Number of protein chains: 2
Amino acid sequence: MKKPTPPVSGAAPNMKQVAEAAGVAVSTVSRALTNPGRVNEKTRTRVAEAARKLGYTPNAAARSLRMGKSKTIMIVLPGALYYGASQIIPLALAGIDGLLARNGFKILIANLDREEATEQHIINLAGSGTVDGAIVLSSAPPSVGGRSLKDLGLPVVAMLHDISDQGVPSVITNEHQIMCAATELLIAEGHRQFLYVAGPDGVYHEVHRYAGIREAIARHGLPESALTRTEGVGAYQEGFNIGFAAAEQLLAMAPRPTAALCCSDDAALALLKRLLDEGIEVPSEVAVMGFDGAAVGALFRPALSTIEQPATEMGTRAAALLLEMLAGEEVPPVTVVDSTILRRGSA
Amino acid sequence: MKKPTPPVSGAAPNMKQVAEAAGVAVSTVSRALTNPGRVNEKTRTRVAEAARKLGYTPNAAARSLRMGKSKTIMIVLPGALYYGASQIIPLALAGIDGLLARNGFKILIANLDREEATEQHIINLAGSGTVDGAIVLSSAPPSVGGRSLKDLGLPVVAMLHDISDQGVPSVITNEHQIMCAATELLIAEGHRQFLYVAGPDGVYHEVHRYAGIREAIARHGLPESALTRTEGVGAYQEGFNIGFAAAEQLLAMAPRPTAALCCSDDAALALLKRLLDEGIEVPSEVAVMGFDGAAVGALFRPALSTIEQPATEMGTRAAALLLEMLAGEEVPPVTVVDSTILRRGSA
DNA sequence: CGCATTATGGCAAACGATTGCCAAACGTAA
DNA sequence: TTACGTTTGGCAATCGTTTGCCATAATGCG
């Protein structure tokens, strides 16, 4: 019984060992494994067999070094969006991962929390050749001391935010238009007094969603007073608080709005709860419309009507764009994936 | 005016260019940057200045190759747990990332979906020196053809599941005990007939949670008939369906259970909704207790009582264990982080 | 059979950072 | 001034893979 080199030894076997086992040179092993046409079929199987027996896996660092690519993509996540009921980020990740993993890419996660040195950390990752590209889910590509992720020579794609004005191809949803459509729907059903439950001031989404509502209002000849916007109450991660604060504001208003359009499902659900607690009928007295499409909204009574973002598909599209950029192809500056209005009962 | 090498050139600057700029040898640059004591202070600043000016970032692949470590940790996620209302996975990730990033580690995500070749992919990552260790959130460490992640010579830590019997240090919560405590609480309040809304058959959590309830039942001398267990209805990701199916079962039972303990908040919320739709009072007619601690549960009416898992802390602890293992220290086979009962109204 | 052509495998030089070892330079003391 | 010790910087090997180039073997054709 021959003594096989144990597959589980301390050190991982390298190409040289495979070469010896197969009785060929390392270069032949390399070619046999990656460039099948270049080597005789019999040799190739012999090499493959030796590699299998030894449990050989090519060393990624060495390959990266030699090739100048890492087959790794960095996903830049804003810690702030990560909690609450909506599953935008996890779904987007699933979409991204699906396509990238299929194409042999690894996924590096950066910036789950927003710590001090994190931006520097991200820039370093990009500059060190650790990653071949990045998908940014935060509103601005990280930068430090004038050096920004986007001009580091790496392909970068944004999603959720449109930062094509900074030269970064972006995958977004039709926030403006869908919000406009939702408002028009409500107007058609007789609503005349609206409350927009706003998220953090100055955030990308806010501008577009609010503008969408205003457009609908204007288009139907309603006065400006038909729309009130809540004061920003802090970060998205405080989604519930946004909703609670909005409820206070709504309850104090006269005339009272009959429809509330919210920046997130978190805000909408909190608002919904508070209104119901106050004995207000939804949707007959006040209609509530969320934004995101959180599945759990369907369990509320009444079930939350909302605007469903195609998070998974946006992720897939962003990944596809990045792959094209890596292949040297031109990509459109903006890709729009449509959201849909999901009427479930609260509006 | 001298012509500075533009920081944003096509190729990233390497150590040799820094050395030239500073008028020293590469080895000196290396030592100046990583081993400050070994080189004259004046030289050190000169090198640091040159590096800064060129925008130098050490090449990670080269360093990995030379050092034999990648400063990268792989997180193995089960795609199945990723959706629904509970935020266990995102919170766990935040905990893990917090500690690892602070220690200079990168985080590689694997297996968001469960595709065909994924397990092989994971094994390859581990074998290729791409990662220095792994944290596993799925029930079993991936394996293919007899080669398992856990015996690949890499430090591996599990969380959420106890697989210490396979030699993998595990971070878990006291599912058995807390479920027992919750049941005792309900017994003390007069409940005598229980329904356990079960998740997928044979899953780790199921065994322990169910056993916890049984222990409480037995300890208080209640008959076995005091506890009914729903039939498994499929994967966790079908959380809502589990709850709906359980509702049907509960409604058909006589005598009707007065308390339902659920395997997840998703199931609990779906059950809650269905019961309320049927006009059943919660908690007076049927008390409902969830499991996970999803924040959104607080918005239901009544607010969902639940068992809150310390997901973030479990993540932090798992990361800490892994760091200790990387440092060659011994770690305990099992680490328990306590869950807490969160009484909010539905039980 | 001889020559030209192609298929195949091997040698060795990269890729960029780290580090053992040695040499130069410096300071100090005799 | 010489001898010695100490500090500091440089040379060069190394990590494991890929690949241009060359040598050889195999094949085809006249």
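The values are calculated or read from the model by the stated rules, or taken from the named source; none is laboratory data. Source: prediction; values computed, not measured. Cβ placement follows ideal geometry from the backbone for every residue including glycine, while neighbour counts extend to all protein chains displayed. When the accessible area is computed, the model is the full protein with side chains, heavy atoms only, and any ligands, DNA or RNA have been set aside. Shrake-Rupley method; radii C 1.70, N 1.55, O 1.52, S 1.80 Å.
Only one of (1) crowded, with 19+ Cβ neighbours inside 10 Å; (2) within 16 Å of DNA strand C (Cβ to nearest atom) fails for residue A:134. Which number is that?
The one condition residue A:134 does not meet is (2).
I'm checking my understanding of the structure. Among residues of region B:40-68 that are within 10 Å of DNA strand C (Cβ to nearest atom) and free of Cβ contacts under 8 Å to residues at least 24 places away in the same chain, which one is nearest to residue A:126 (Cα to Cα)?
Looking at the filtered set, the residue picked out is B:60.
May I ask you to list the residues in region A:246-282 that are surrounded by fewer than 20 Cβ atoms within 10 Å (Cβ to Cβ) and more than 14 Å from every other protein chain (Cβ to nearest Cβ)?
A:248, A:249, A:251, A:252, A:253, A:254, A:255, A:256, A:258
Within the bounds of region A:79-88, is there any residue that is open to solvent by less than 20 Å² (accessible area, probe 1.4 Å), within 7 Å of chain B (Cβ to nearest Cβ) and at pLDDT 90 or above?
No; the residues of region A:79-88 include none that is open to solvent by less than 20 Å² (accessible area, probe 1.4 Å), within 7 Å of chain B (Cβ to nearest Cβ) and at pLDDT 90 or above.
Can you name every residue in region B:150-181 that is hydrophobic (A, V, I, L, M, F, W, C), in contact with a strand residue (DSSP E or B) (Cβ under 6 Å, 6 or more places away or on another chain) and either open to solvent by 20 Å² or more (accessible area, probe 1.4 Å) or within 14 Å of chain A (Cβ to nearest Cβ) (or both)?
B:154, B:156 - these are the residues of region B:150-181 that are hydrophobic (A, V, I, L, M, F, W, C), in contact with a strand residue (DSSP E or B) (Cβ under 6 Å, 6 or more places away or on another chain) and either open to solvent by 20 Å² or more (accessible area, probe 1.4 Å) or within 14 Å of chain A (Cβ to nearest Cβ) (or both).
Restricting to region A:105-117, name every residue that is in contact with a Gly (Cβ under 9 Å, 6 or more places away or on another chain) and either open to solvent by 20 Å² or more (accessible area, probe 1.4 Å) or more than 7 Å from chain B (Cβ to nearest Cβ) (or both).
Those that are in contact with a Gly (Cβ under 9 Å, 6 or more places away or on another chain) and either open to solvent by 20 Å² or more (accessible area, probe 1.4 Å) or more than 7 Å from chain B (Cβ to nearest Cβ) (or both): A:105, A:111, A:113, A:114, A:115.
Please enumerate the residues belonging to region B:283-320 that are within 19 Å of the chain's Cα centre (by Cα) and open to solvent by 10 Å² or more (accessible area, probe 1.4 Å).
B:292, B:293, B:295, B:308, B:309, B:310, B:312, B:313, B:316, B:317, B:320 - these are the residues of region B:283-320 that are within 19 Å of the chain's Cα centre (by Cα) and open to solvent by 10 Å² or more (accessible area, probe 1.4 Å).
Is there a residue in region A:56-73 that is more than 7 Å from chain B (Cβ to nearest Cβ), open to solvent by 10 Å² or more (accessible area, probe 1.4 Å) and closer than 30 Å to residue A:270 by Cα?
The answer is no; no qualifying residue exists.
Consider residue B:65 against the criteria (1) more than 16 Å from DNA strand D (Cβ to nearest atom); (2) modelled with pLDDT of 90 or more: it satisfies all of them except one. Which criterion is unmet?
Evaluating residue B:65 over (1) more than 16 Å from DNA strand D (Cβ to nearest atom); (2) modelled with pLDDT of 90 or more leaves (1) as the failure.
Which residue out of B:46, B:102, B:38, B:31 is surrounded by fewer than 20 Cβ atoms within 10 Å (Cβ to Cβ), facing another protein chain (nearest Cβ under 9 Å) and of a type in the set (D, E, K, R)?
After applying the criteria, what remains is B:102.
Taking only pairs six or more apart or across chains, which ones have beta-carbon atoms under 6 Å, a first residue in region A:83-94 that is at positive phi and among the basic types (Lys, Arg), and a second residue that is assigned to a helix (DSSP H, G or I) and open to solvent by less than 10 Å² (accessible area, probe 1.4 Å)?
none
Could you list all residues from region B:20-39 that are in contact with a helix residue (DSSP H, G or I) (Cβ under 8 Å, 6 or more places away or on another chain) and either among the hydroxyl-bearing types (Ser, Thr, Tyr) or touching a residue at least 24 places away in the same chain (Cβ under 8 Å) (or both)?
Result: B:21, B:22, B:28, B:30, B:33.
Residues in region A:276-286: is at least one within 29 Å of residue A:161 (Cα to Cα), not assigned by TED's automatic domain parsing to the domain that holds residue A:88 and not polar (S, T, N, Q)?
There is no residue in region A:276-286 that is within 29 Å of residue A:161 (Cα to Cα), not assigned by TED's automatic domain parsing to the domain that holds residue A:88 and not polar (S, T, N, Q).
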